[in-house]
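The values are calculated or read from the model by the stated rules, or taken from the named source; none is laboratory data. This is a predicted model, so every value here is computed, not measured. Cβ atoms come from the backbone with ideal geometry, glycine included; neighbour counts cover every protein chain shown.
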Amino acid sequence: MSLDSPATAAADARPDAYAALRVAGFRRLLFGVLLFAVALLIQEVVIGYRLYQLTHDPLSLGLVGLAEAVPFISLALFGGHFADRHDKRRIIRLTMIVFIADSSALLWVLSASAQARLPQATQLLLIYALAALLGLARGFFTPAAGALLPFLVPRELYARASAWRSSSWQTGAVIGPAAGGFLYAGIGLSGTLATVLLLLLAALLSFSRIRLRDDAPPLPPAGSSIWHSLREGLTFVFRSRLILYAISLDLFSVLFGGVVAILPVFASDILRVGAQGLGLLRAAPSLGAMLTVIACTHYLPLRHAWRNLLLAVAGFGVATLAFALSKLFWVSLLALFATGVFDSVSVVIRQTIVQVLPPDHLRGRVYSVNSIFISSSNELGAFESGSMARLIGTVPSVLFGAAMTLVTALYCWCRGRDLFSVRLT
């Protein structure tokens, strides 16, 4: 089975990795995503570190992920419906305002005056409530931002534009955690959260200046009911085995194999490297991912997409296993760097599949299903990591997750042998 078309064949024959970057609207999307990622990851790192300082309980870190995941998963399908039916730029602007309000409230909750007046239980409850509001906003932001790409660049640029978009996020994910650790140590929690607010305002400005290309596909007519619309998106995903297997593979591998949520435990209790060390640990996988994604804009790993996806997930599991066994800071950094390298290959392949295969009028809903699987693996994976760390210990929980990731890759290799013939270029 081949998914070649004259447009993609021509693009592959004369690849121009930088063509999408010449589109002004796409550049503004990338810059907004970069600023948004930096802000979100700075906030995530310092909140995680502060929570662990308050509670010394890894479960509290997992509960933040759960509080964010539940509203996101509940609303993402509706967010996909609205993204397919309404102006995606307007949805992005409105949700950015919610993000800014949420971070402003978080700044107050964690201020010195609020901490002096509020009992710890109340403070934790407010943090979880604000995490839930963040998840609610992401339920609409993520499918709108993900489905905007075809309105900015032509179809023959989708694959490399997806790689550039992933690179923008990963660059922010490198800068954010490292900056979070050093800002926390240098200007304190309140100063760091104020910096987050400024970055979110700059991201809103960049998103607000996006203009669509002249021949962008029109929005579909309102027509069908919302329930029919949601069913249509779900049906497409579950009938497309490549999409379904790709996002399911990501779900189970990161659900069990992710260690990001409990890195504060490693930084504080195992490696003993403090907030700055936590920032470096959190940035290491994103640095590996960023460098790999930039390479992927020139050398797309799509000719044997399913095989490459499985190998990337298996490599992620092996690197996670190495991290669990490490007692040296530099070895842990290298292992986390490797997880980012392998994860970014799977991200580029999966994002290209989600952009290329769905028709234009379904892309928002398909992207929302993809986002639900990703959120389930990340946020619910954070809850799983925190819960397992509390039940069986931090290192045994990571060893268990790495083993489950390798088992998942082996199972999918056996079940999806017919997908080895699929080519996306």
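The residue list Leu54, Leu61 contains one member that is closer than 22 Å to Leu263 by Cβ and over 21 Å from the mean Cα position of the chain (by Cα), which is Leu54. Within region 247-299, restricting attention to residues that are assigned to a loop (DSSP other than H, G, I, E, B) and touching a helix residue (DSSP H, G or I) at 6+ places or on another chain (Cβ under 6 Å), the residue that is farthest from Cys412 (Cα to Cα) is Val273. Scanning region 110-124 for residues that are part of a loop (DSSP other than H, G, I, E, B) and closer than 14 Å to Ile47 by Cα yields a total of 2.
When Ala163, Ala216, Ala145, Ala185 are checked against the criterion of being at pLDDT below 90, part of a loop (DSSP other than H, G, I, E, B) and among the aliphatic types (A, V, I, L, M), Ala216 stands alone in meeting it.
Here Asp84 clears all of (1) out of contact with any His (no Cβ under 8 Å at 6 or more places or on another chain); (2) surrounded by 21 or more Cβ atoms within 10 Å (Cβ to Cβ) except the condition numbered (1). Being basic (Lys, Arg), under 19 Å from Gly25 (Cα atoms) and under 21 Å from the mean Cα position of the chain (by Cα) holds for only one residue in Arg138, Arg160, and it is Arg160.
Results for (1) closer than 30 Å to Val354 by Cα; (2) surrounded by 17 or more Cβ atoms within 10 Å (Cβ to Cβ); (3) out of contact with any helix residue (DSSP H, G or I) (no Cβ under 7 Å at 6 or more places or on another chain); (4) of a type in the set (Phe, Trp, Tyr), shown as yes or no for each residue.
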site: Ala121; (1), (2), (3), (4): no, no, yes, no
site: Gly139; (1), (2), (3), (4): yes, yes, no, no
site: Trp169; (1), (2), (3), (4): yes, yes, no, yes
site: Val174; (1), (2), (3), (4): yes, yes, no, no
site: Leu193; (1), (2), (3), (4): no, yes, no, no
site: Val196; (1), (2), (3), (4): no, yes, no, no
site: Ile210; (1), (2), (3), (4): yes, yes, no, no
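Screening Arg165, Arg138 for residues that are farther than 16 Å from Gln43 by Cβ and among the charged types (D, E, K, R) leaves exactly one candidate, Arg165.
Within this structure, Ile187 fails the test of being closer than 21 Å to Ala295 by Cα and out of contact with any Leu (no Cβ under 7 Å at 6 or more places or on another chain).
Conditions tested, residue by residue: (1) modelled with pLDDT of 90 or more; (2) assigned to a helix (DSSP H, G or I); (3) more than 21 Å from Ala178 (Cα to Cα).
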| position | (1), (2), (3) |
| --- | --- |
| Leu311 | yes, yes, yes |
| Ala314 | yes, yes, yes |
| Leu321 | yes, yes, yes |
| Leu333 | yes, yes, no |
| Val348 | no, yes, yes |
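You will find that of Ala137, Ala178, Ala194, the residue that is touching a Ser or Thr at 6+ places or on another chain (Cβ under 8 Å) and among the small types (Gly, Ala, Ser) is Ala137 and no other.
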